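Read-outs throughout are calculated quantities, based only on the coordinates presented, and are distinct from any laboratory measurement. Keep in mind the model is a prediction, meaning the values are calculated, not measured. All Cβ positions, even for glycine, are placed from backbone atoms using ideal geometry, and neighbour counts span all protein chains on display.
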């Protein structure tokens, strides 16, 4: 097994895959990539299964030195990647050679970037996943963010590197995190717990992501939302993208490391295809919300999955 050496860890870089969703019924947080679409695309670009582990870097990317030749892809937010000091493109597979150094500059769009490696990251699975869960101190590299001097194990790829290097995702299929986007949601199970005026307020005014935001959830600040008879409910299931509103009337978007149940009213749940755009918001960014019907959200999800299926098929055809 080959290794990638961590010269600098960046601000908050962790190993993530698609998480532990099958274990939420046992009280285990799902964790996994905040922007699952970018992780899936990064993996498919380098010939991996879409659920392989990759690096998720937040705001400031790491500096990595490669111990062997390989192929990588960089997707998600644009943190200005470069190899040996030369700027490189994103959303494509890049040939890497022994002793090359990957580094990052300023944050141009979004806030989370994903670095996939042909062969995947070979850390052990914990509860069915390689994802890092900081609060639980497990998964990834010793249950923590990367540190200077870490050696990241890289698995072997079934492809010759020449087969997968140079792939580029078509422009129309590339998420654009540089543009403001209204975040769409399905009205939640407790939407009737809010005054009609508050529901109107929620969809008519912007909310700002506060500094009290992390992989567990985004606390928002904006126009106060009013309950009819209080914010507390009997605790029920929480999915990633659930929008809780406690008694103070300020929304909280539950993200990848959220708890599995909660006792606050939920005004809505963000649709699956807009989770990546939510995950790329950073403190100070504004979010506007728009309600959507379940059937419309399902059609958008099907359209996204058709793209994923095309890339998956290409990988299978090359193996044959």
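Between the helical axis of 294-319 and the dominant principal axis of the chain, each derived from Cα atoms, what acute angle in degrees is found, rounded to the nearest 10? That works out to roughly 10 degrees.
Pairs of alpha-carbon atoms within less than 8 angstrom and 6+ residues apart define the contacts here; what relative contact order does the range 1-153 have, in percent?
Working: 427 pairs, mean separation 50.1, N = 153.
Reported as a whole number, the value is 33 percent.
Length gain on complete extension for the stretch residue 221 to residue 303, per 0.36 nm per residue less the alpha carbon to alpha carbon distance? Contour length minus Cα-Cα distance gives 26.3 nm.
Would you mind ranking 232, 176 by Cβ crowding within 10 Å, fewest neighbours first? Could the numbers behind the result be given before it?
Details: 232 13, 176 10.
So the residues, fewest neighbours to most, are 176, 232.
Would you work out the Kirkwood radius for the range 1-74? I mean one over the mean of 1/r across all pairs of different Cα atoms, in Å.
Values: mean 1/r = 0.0740 Å⁻¹.
Evaluated over the range 1-74, this radius sits at 13.5 Å.
The residues 50, 142, 172, when put in order of fewest to most other Cβ atoms within 10 Å, stand as 172, 142, 50.
Over the chain, what is the percentage of antiparallel beta bridges among all DSSP beta bridges, to the nearest 5? All intermediate terms of the calculation are to be shown ahead of the outcome.
Values: 60 of 63 bridges.
The antiparallel fraction comes to roughly 95 percent.
Taking each residue as 0.36 nm, the span from residue 234 to residue 21 lengthens on full extension beyond its C-alpha to C-alpha distance by 74.4 nm. How tilted is helix 36-45 with respect to the longest principal axis of the chain? Cα atoms for both, answer in degrees (0 to 90, nearest 10). Computed tilt is about 20 degrees. Both numbers refer to the Cα atoms of the range 183-298; Rg and Dmax are 12.8, 34 Å. As a length-normalised measure over Cα pairs under 8 Å and 6 or more apart, the relative contact order of the range 183-298 settles at 39 percent. The alpha carbon centroids of the range 1-63 and the range 208-260 are separated by 24 Å. With the Cα gyration tensor of the range 31-117 giving a ≥ b ≥ c as the square roots of its eigenvalues, does the rule (a/c under 1.5 for rounded; else a/b larger than b/c for prolate; else oblate) give rounded, prolate or oblate? Judged from the Cα gyration tensor, the range 31-117 comes out oblate (a/c at least 1.5, b/c at or above a/b). When each of the peptides 197-210, 266-279 is scored by how many other beta carbons lie within 10 Å of its residues on average, the order from highest to lowest is 266-279, 197-210. Take residue 192 and residue 101, extend 7 Å from each Cα along the Cα→Cβ direction, and tell me the distance between the two endpoints in nm. Distance between label points: 6.2 nm.
Could you put 90, 226 in order, starting from the residue whose Cβ has the fewest other Cβ atoms within 10 Å?
Values: 90 22, 226 14.
Neighbour counts put them in this order, fewest first: 226, 90.
For residue 63 and residue 212, the difference between the fully extended length at 0.36 nm per residue and the C-alpha to C-alpha distance is 51.0 nm. Considering only 32, 110, 262, the Gaussian network model of the chain with Cα springs below 10 Å gives its largest mean-square fluctuation to 262.
Run the numbers on the chain and let me know its relative contact order in percent, using alpha-carbon pairs under 8 Å that are six or more apart. Show your work: numbers first, answer last.
Numbers: 817 pairs, mean separation 62.8, N = 320.
RCO, the chain: 20 percent.
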